[in-house]
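To start, I am sharing the structure in question, which I have written as structure tokens.
The values are calculated or read from the model by the stated rules, or taken from the named source; none is laboratory data. The structure displayed is predicted, hence computed values, not measured ones. Don't worry about glycine lacking a Cβ; one is built from the backbone with ideal geometry, like all the others, and counts go over all protein chains shown.
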Amino acid sequence: MNMEEARFNMIEQQIRPCDILDGAVLQTISDLPRDAFVEVSQRALAYADIQLPLAHNERMMHPRIEARILQELAIQSDDRCLEIGTGSGYLTACLANLSKEVYSIDIHPDFLASAGERLSKQHISNVTLAKANGLQDLDQNQHFDVIVVTGAVPEYLPLFEKLLTLQGRLYLTVGVPPIQQAMLVTRAANDFVRTSLFETELNYLDGVVAPSHFTF
């Protein structure tokens, strides 16, 4: 399978049709081999329009969703980013390509280990990986220009927005499957502008207690 051709087709057939036209985002996705961030057995599907399964019942997002997140965040070259949920390390790599530095946390040591190896092979050195729980271990004295939460929460949490710098941007998925809302939150002075972007479906962030469902 020609991976470069598959990557080109992914961009032209999945990403551009979703009005993802930001030049820096498209260049990043074109430059980074997504197949280098999946298991060998999954490489033939690395550029498919699907959510690829990961360990711990996690999933890698659709390529078009990853691209949409990057475009909505309008990442600048001097931005400092926080990623909550490292996963495969692919989105981490994209963030690193677009920004000054990335601090990425995950609760699973094996995700961090594999992501670290993959980032190193791509000569990406502006990422710090750490084992931490995004709901409990965040340092409230730290602030970031960009925050990406790669797991959903059933109800909106103000926890993450408090870590934003002025004009900082937060991406978060809120709601109960099968219909959840992708949200962009921007900090303006002491106010936060919360905008619903699109409907999606994402696994809950580790540590989130899923709401009870009653049947009659």
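Grab the strands (runs of 3 or more DSSP E) fully contained in the stretch 59-150, keeping just those with 3 or more residues being at pLDDT 95 or above and within 14 Å of the chain's Cα centre (by Cα).
Answer list for the stretch 59-150: 80-84, 101-106.
Taking the stretch 175-186 only, how many residues are in a strand (DSSP E or B) and more than 14 Å from the chain's Cα centre (by Cα)?
Count: 7.
Find the residue count for the stretch 155-179, including only residues that are farther than 17 Å from S99 by Cα, in contact with a Phe, Trp or Tyr (Cβ under 7 Å, 6 or more places away or on another chain) and not hydrophobic (A, V, I, L, M, F, W, C).
1
Give the stretch 158-174 a look and list any residue that's of a type outside the set (A, V, I, L, M, F, W, C) and either surrounded by 15 or more Cβ atoms within 10 Å (Cβ to Cβ) or assigned to a strand (DSSP E or B) (or both), or say none.
E161, T165, Q167, G168, R169, Y171, T173
Taking the conditions exactly as written (farther than 19 Å from V25 by Cβ and touching a residue at least 24 places away in the same chain (Cβ under 8 Å)), does R118 satisfy them or not?
Judged against the criteria, R118 is a match.
For A6, which of the numbered conditions (1) assigned to a helix (DSSP H, G or I); (2) closer than 22 Å to L73 by Cα fails to hold?
In the conditions (1) assigned to a helix (DSSP H, G or I); (2) closer than 22 Å to L73 by Cα, A6 misses (2) alone.
Please find, among V153, V146, the residue that is in contact with a helix residue (DSSP H, G or I) (Cβ under 8 Å, 6 or more places away or on another chain) and touching a residue at least 12 places away in the same chain (Cβ under 8 Å).
V146
While we're here: I need the full set of residues from the stretch 175-200 which are surrounded by fewer than 18 Cβ atoms within 10 Å (Cβ to Cβ) and touching a Ser or Thr at 6+ places or on another chain (Cβ under 6 Å), in order please.
Matches in the stretch 175-200: Q181, L184, V193.
Each row is one residue, and each column tells you yes or no for (1) crowded, with 23+ Cβ neighbours inside 10 Å; (2) within 29 Å of K131 (Cβ to Cβ); (3) without any contact (Cβ under 8 Å) to a residue 12 or more places away in the chain; (4) of a type in the set (A, V, I, L, M, F, W, C).
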| residue | (1), (2), (3), (4) |
| --- | --- |
| A6 | no, no, no, yes |
| V40 | no, yes, yes, yes |
| D78 | no, yes, no, no |
| S88 | yes, yes, no, no |
| L98 | no, yes, no, yes |
